[in-house]
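The next block holds one structure in the form of structure tokens; read it before the comments.
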Amino acid sequence: MRPKFYFPIFLCLVSIGISEPAKIDSAQYKDKWLAFDKVQHFTFSFLWTLSSQYILVNNMNMYEQDALPCSIISSLSAGIIKETYDMKRPNGYFSHKDMVANVFGVLLAFLTINENFSPN
């Protein structure tokens, strides 16, 4: 494994490591599935994955197949870090619905990137 892969994996491990068990059950809050917040999470994850893929392939000269896991891991790590930050705020909680929106954003980006792979 090349050193370029270590940073996203390290970021994911750190984000999981600093997270804590949820103090407050998110079911207690009115965290709706269809809310503007979920659109933001979906859009951010989608754009983060696409932009990091672009940077890794075009600026760091990585192969598309090698850059994709790095893009996905970095986007999901950012979502975990954001939810951990929210949980530590007063009356904050870790929203599993926000994480689902993040995963769907990453999934759409994966499908978009994968569609553009050309067989060599």
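The values are calculated or read from the model by the stated rules, or taken from the named source; none is laboratory data. Bear in mind that the values here come from a model prediction, so they are computed numbers and not experimental data. Cβ: placed from backbone, ideal geometry, glycine included. Neighbour counts: every protein chain shown.
Within the stretch 93-112, does at least one residue satisfy the condition of being exposed (fewer than 13 other Cβ atoms within 10 Å of the Cβ) and either under 14 Å from residue 43 (Cα atoms) or at pLDDT 85 or above (or both)?
Within the stretch 93-112, one or more residues are exposed (fewer than 13 other Cβ atoms within 10 Å of the Cβ) and either under 14 Å from residue 43 (Cα atoms) or at pLDDT 85 or above (or both).
What are the residues in the stretch 65-92 that are charged (D, E, K, R) and modelled with pLDDT under 85, if any?
Of everything in the stretch 65-92, those that are charged (D, E, K, R) and modelled with pLDDT under 85 turn out to be 83, 86, 88, 89.
Identify, from the list 77, 52, the residue that is more than 11 Å from residue 98 (Cβ to Cβ) and in contact with a Cys (Cβ under 6 Å, 6 or more places away or on another chain).
Of the residues listed, the single one that is more than 11 Å from residue 98 (Cβ to Cβ) and in contact with a Cys (Cβ under 6 Å, 6 or more places away or on another chain) is 77.
For the stretch 45-56, which positions are surrounded by 18 or more Cβ atoms within 10 Å (Cβ to Cβ) and either over 16 Å from residue 113 (Cα atoms) or β-branched (Val, Ile, Thr) (or both)?
49
Taking the stretch 62-77 on its own, how many of its residues are surrounded by fewer than 19 Cβ atoms within 10 Å (Cβ to Cβ), in a helix (DSSP H, G or I) and free of Cβ contacts under 8 Å to residues at least 60 places away in the same chain?
Of the residues in the stretch 62-77, 2 are surrounded by fewer than 19 Cβ atoms within 10 Å (Cβ to Cβ), in a helix (DSSP H, G or I) and free of Cβ contacts under 8 Å to residues at least 60 places away in the same chain.
I need a count of the residues in the stretch 59-88 that are charged (D, E, K, R) and closer than 17 Å to residue 37 by Cα.
Residues that pass the stated criteria total 3.
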